[in-house]
1. Using the structure shown, select from A:Lys149/B:Lys133; A:Lys73/A:Lys149; B:Lys8/B:Lys215; A:Lys159/B:Lys45; A:Lys282/A:Lys327; A:Lys21/A:Lys113 the pairs with a Cα to Cα distance greater than 22 angstrom.
2. Magnitude of the Cβ-charge dipole of the protein assembly as shown, K/R +1 and D/E -1, about the Cα centre, nearest 20 debye?
3. Considering only the other residues whose Cβ falls under 11 Å of the Cβ of A:Leu82, what net charge follows from Lys and Arg at +1 and Asp and Glu at -1?
4. Ignoring ligands, DNA and RNA, how much accessible area is buried between chains A and B, both sides summed, with a 1.4 Å probe, to the nearest 100 Å²?
5. Just in segment A:202-310: which GluC sites (Glu not before Pro) are loop by DSSP and have at most 13 other Cβ atoms within 10 Å?
6. Could you tell me which helices of chain A pass both thresholds, a Cα extent of 18 Å or more along their own axis and a mean Kyte-Doolittle hydropathy of at least -1.0, with helices taken as whole DSSP H runs?
7. In vacuo Debye scattering of chain A, one point per C-alpha: log10 I(q)/I(0) at q = 0.07 Å⁻¹?
8. Once R0 is set to 60 Å, what does the formula 1/(1 + (r/R0)^6) return for the Cβ-Cβ distance between B:Glu71 and A:Ser261, expressed as a FRET efficiency to the nearest 0.05?
Amino acid sequence: MGTAILGAITGMLGSFAVLRKQSLLGDAISHAALPGIAIAFLITGAKDSNTLLLGALVSGLIGTFWIRGIITKTHLKSDTALGLILSLFFGFGMLLLTYIQKQPNANQAGLDKYLFGQAATLVERDVWLMAIVTGICLLVLLLFWKEFKILLFDADYTKTLGFNTKTIDILITSFIVLAIVLGLQTVGVVLMSAMLLAPAAAARQWTNSLGVMVILAAIFGAFSGVFGTAISATQNNLSTGPVIVIVASIFVLLSFVFSPSRGLLFKQIRFIKNRRDLELHKTLAFMYNIAETHEDITHPHAIKILNNFQGFTKGTLQKLVHKNYVKLDGNMWYMTEEGFKTASNLYNQQTTGDNE
Amino acid sequence: MKNKIAVKVDDLTVAYNYKPVLWDIDLEIPEGVLMAIVGPNGAGKSTLIKSILGILKPIAGSVSIYGKPYEDQRSLVAYVPQKGSVDWDFPTTALDVVKMGTYGSLGWIKRPGLKQKKAALEALEKVGMLPFKNRQISQLSGGQQQRIFLARALVQNASIYFMDEPFQGVDATTEIAIINILKELRKAGKTVIVVHHDLQTVPEYFDWVTFLNVKKIATGPVKDIFNDDNLTKTYGINYKVSIQE
C-alpha cells in the first residue's frame with residue numbers, strides 16, 4: 001500500500017523532472033539526503049523515521065540549492081554541478097554512517113537500510129504521511145497545472161507573460177525533493193532516482209498529452225510499487241527497493257518496444273512495410289512505363305524484361321498479381337485496367353501525400 | 001514624422017561574463033513601425049530583445065514602454081522566441097501552445113476557458129494553421145512551428161511585438177505568410193520589432209531599421225539609413241548590397 005502511493009507520487013513528479021531534462025537531479029537529491037539522515041540520527045540518537053526524514057529533507061534541499069547556485073554562478077555545466085554535489089554529499093553521508101556504526105549505540109543497526117530501502121520497516125504512520133503528502137502534491141498540481149506546463153515548455157516566454165518563474169520553479173523542485181525523501185525508506189538512496197524516472201519514461205512512450213503522461217506515470221509507478229513489494233515479500237532477505245526498480249524498468253523496456261506510436265517494434269514494422277509498399281509501387285510504375293508504349297495496355301510482355309529492373313522479385317510480382325493489378329500468362333505478363341489506373345495515379349498520390 | 005515613442009531604451013549595458021554584449025544602447029522606437037534589428041552573429045540582437053523584455057538582467061540602463069517601466073506595461077508586449085529555444089518533443093498540441101498566449105491575462109491558477117479557446121482558434125486561423133490544431137507539435141514542420149509561435153503572440157493582443165528571427169529555417173511560403181501578418185499588424189497601428197538576418201529583404205519587408213554590433217550603429221527609416229556606409233560600419237567588411245529602386 002505504502003509503496004503504491006510512493007510509486008504514484010514519484011511517477012507524477014518524475015514526469016516533470018524528465019520533461020525538464022533534469023533527470024539526474026533526482027539522483028543528486030537522493031544522495032544528498034544521506035548525510036541529513038546520519039546527522040539527524042547523531043543529534044537525536046533515536047531511529048524515529050520522521051526525524052530522520054526531516055533531516056533528509058533539509059540536506060536534500062541544501063544540496064538542490066547548491067546545485068542551482070553552482071549552475072547560475074559559475075561556468076560549470078549542470079551535469080558537472082550535479083556530479084560534484086552528488087558525490088560530495090554521498091561521500092560525507094557514508095563517512096558519517098561508518099562513524100555511527102562504530103558508536104556504542106544499540107540503535108545504530110538498521111540505518112544502512114536507507115541505502116537500499118526496506119519496505120518492511122514502513123509502519124502505518126509512515127503510510128499516512130505519504131498519503132497526506134501525495135494529496136497535497138495532487139492539489140498543488142491541479143491548481144498550478146497551467147503554470148507548470150508553460151514553464152516546462154518555454155521558461156523565457158513564461159517570464160514575459162508576467163509570471164514569477166522562480167516561484168514556479170522552486171515549487172516544482174521542492175515537491176520533487178519531498179517525494180524523493182519520502183521514498184528513501186522504501187527504495188533507498190542509491191536507487192531512488194529510478195523511481196522518479198522509470199515510470200515517466202515509460203509513460204512518455206504511450207502518449208502525446210502531458211495530462212495523460214502524468215496519470216500514466218502515476219499508474220506505472222503504483223504498479224511497480226505493488227508488484228515489487230509482492231515479489232520481495234515472497235523471498236526472505238530480498239530488498240524491496242531493487243525489486244521495485246527492476247519492475248519499473250521492465251515497464252520501461254516494454255514501453256520502448258511495444259508502444260504503438262513511438263515503440264521500436266511498431267516503428268520497425270512500419271519501416272519494413274513502407275519499404276515493401278514502395279518497392280511494389282516502383283515495380284508497378286516500371287511496368288506502367290512499358291505498358292504505356294503499346295496502344296493496348298493489356299498487351300503481354302516477357303517477364304524477362306523486368307529482370308533488369310532493380311527491386312523486382314518474384315515476390316513483388318506475386319503480390320501485384322494478388323492485388324489484381326497484373327495478370328500472368330506463362331512467362332508473359334500483362335497489365336489489367338485496374339493496375340494501369342492505379343499506376344497512373346501513383347505519382348500524384350505520392351506528391352500530395354508529402355505536402356499534407 | 002511619427003508621433004508617439006513606443007519603446008525607449010536608455011544606456012542599456014549587458015554582459016554575460018566579462019565582455020559586454022551590449023554597450024550603452026540608447027534607442028527610441030516610434031509607434032507603428034515595422035523594424036528590423038540587423039547585425040553580425042554575436043552582435044547582441046537577441047540579447048537586446050531579451051533585456052528589453054526582462055528575461056536577462058542588464059548591468060545598467062532602463063527600458064520604458066509608452067513612457068512607463070516595462071513591468072507595468074507587460075500586457076502591451078508580446079514575444080516570439082527563437083524556434084530553437086524550446087523542446088518541440090514536448091507532449092502537447094498546436095492549439096495548446098497557442099492557448100499559452102492567454103495565460104498572462106488569466107494570471108495565476110485560473111484555467112483557460114471557452115473564451116480563451118476561441119481566441120486561440122482565431123489566431124490559428126490567421127496564421128493558416130487551423131487544420132493542424134490537434135497535431136502533436138513535434139509532427140509540425142519548422143515553418144509550421146514558427147507560425148504556431150506567431151499565433152501564440154497574436155492571442156496576447158498586444159501593441160508591441162518582439163520577434164527573434166521568425167524567418168530562420170522556414171520555407172518561402174511561410175516567410176511570405178509571416179511577413180503579410182506583420183504588415184497587417186503595422187496597418188493596425190501595432191509596433192513590430194524583428195531580429196532579422198537576411199539583409200537583402202530588409203528594404204522590401206521593413207520601414208525602420210536598427211544596426212547593432214555591441215554598440216548601436218544607427219537607427220531610423222530604411223530609406224534614409226539603409227546604405228553601404230552603415231552596413232560597413234556594422235559588419236566590418238566592405239559590405240555592398242544592391243538596393244532595388
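1. A:Lys73/A:Lys149; A:Lys21/A:Lys113
2. It comes to approximately 840 debye.
3. 0
4. About 3000 Å² of accessible surface is lost on pairing.
5. A:Glu295
6. Passing helices, by number: A:2-19, A:23-44, A:49-73, A:78-101, A:124-143, A:165-187, A:192-206, A:210-234, A:240-258, A:264-292.
7. After summing over all Cα pairs, the log10 values are -0.47.
8. Computed FRET efficiency for B:Glu71 and A:Ser261: 0.90.
The values are calculated or read from the model by the stated rules, or taken from the named source; none is laboratory data. This one's a predicted model, so the numbers in the text were calculated from it and none came from an experiment. Cβ atoms come from the backbone with ideal geometry, glycine included; neighbour counts cover every protein chain shown. Keep in mind that these areas ignore ligands, DNA and RNA; they rest on the heavy atoms of the full protein, side chains included. Shrake-Rupley method; radii C 1.70, N 1.55, O 1.52, S 1.80 Å.
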